[in-house]
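Colleague: My questions all concern the structure below.
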Amino acid sequence: MDTIWLWVSFNGFVLAMLALDLGVFHRHTHAVSVKEATIWSVVWVALSLCFNLGLYFFWDTISPASEYSNSEAALAFFTGYLIEKSLSVDNIFVFVLIFTYFAVPALYQHRVLFWGIIGALVMRGILIAVGAALLHEFHWIIYIFGGFLIFTGIRMAFHRDEEIHPEDNPLVKLFRRFMRVSPKYADDKFFVRQGGLLMATPLFLVLLIVESTDLVFALDSIPAIFAVTEDPFIIYTSNVFAILGLRSLYFVLAGVIDKFHYLKLGLSVVLTFVGIKMVIAEFYKIPIGVSLGVIAAILTISILASLLHTQRLNQQSTLTD
């Protein structure tokens, strides 16, 4: 009961920030510029780091019964945040494809991502609660989580990008059975009335696909953070901060995401490493600090390799021209 205020306060803060975002800064529909998105990305990262700092100084006060020291709690949060943040970049690849496929005007993309993230927060909260409860009752499930992550990492490494076909999405097919869909966008509205009939707009279909896509990604990312910590509050808060910054990160990276050629490979190695960490935890527990160093090194190498690859391609193109 002593920690209820902590959960209420944190969720109150999140709701206040979302209200400020939508009600003040994005009250009027507009295309989000790279400059605006960069500022918001910096704001979300800064808030995440401030929260991380708060855990470092006050964790023993807000969670006196925890097995973690202040430094361990802060390190667990940062490692979990880094994992979730890096895995969320994979979402951006898919968002770009979805928006391109449906020709979603730049004016309306923010609205889709805003409500998509609201849904993502709810879904991830439920998945974290279920995962924590299962691990508490059946600790051997951690080996299933670990095996699943190893499988996912290997599959991601060898999976080639393919064209997506959103019209084949089961959720979209089911929705079309019960609701008519208008052929055109109606500004940033999700529903309109035409001829006295309530109809969904294509923008709502895009939202459905974004939500279902995030659910698939969550099934990969949620087990990953349980390899770092089993504390529900640290897992939940690191997830929330990573997801809250995803929308602004999309507008920063959307135009250059294709240049990160080796990022998917890096993410696959991260998932495989985290899965192995979970599987061997009973025999050897890899320290959180070591995990953080390995994950940071993998991501740094994949990003630098991507930039070098892009530079090499540019040089070859220049020579050819």
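The values are calculated or read from the model by the stated rules, or taken from the named source; none is laboratory data. What you see is a predicted model, and the numbers here were worked out from it, not measured in a lab. Reconstructed Cβ throughout: ideal geometry from the backbone, glycine too, with neighbour counts over all protein chains shown.
Colleague: Which residues, counting only those in region 269-309, are among the charged types (D, E, K, R) and assigned to a helix (DSSP H, G or I)?
Modeller: Of everything in region 269-309, just one residue is among the charged types (D, E, K, R) and assigned to a helix (DSSP H, G or I), namely Lys277.
Colleague: Any idea which of Leu246, Leu198, Leu253, Leu205 is crowded, with 18+ Cβ neighbours inside 10 Å and over 18 Å from the mean Cα position of the chain (by Cα)?
Modeller: After applying the criteria, what remains is Leu205.
Colleague: State the number of residues belonging to region 238-268 that are at pLDDT 80 or above, within 13 Å of Asn91 (Cα to Cα) and outside any helix (DSSP H, G or I).
Modeller: Number satisfying all stated conditions: 1.
Colleague: Mind listing just one residue for me: the one in region 208-222 that is within 12 Å of Ile117 (Cα to Cα) and not hydrophobic (A, V, I, L, M, F, W, C) and, of those, surrounded by the most Cβ atoms within 10 Å (Cβ to Cβ)?
Modeller: Result: Asp214.
Colleague: Do the conditions hold for Leu121, that is, is it in a helix (DSSP H, G or I) and over 18 Å from Leu207 (Cα atoms)?
Modeller: In short, no.
Colleague: Tell me which residues, restricted to region 183-192, are at pLDDT below 85 and touching a strand residue (DSSP E or B) at 6+ places or on another chain (Cβ under 8 Å).
Modeller: Within region 183-192, just Ala186 meets the criteria.
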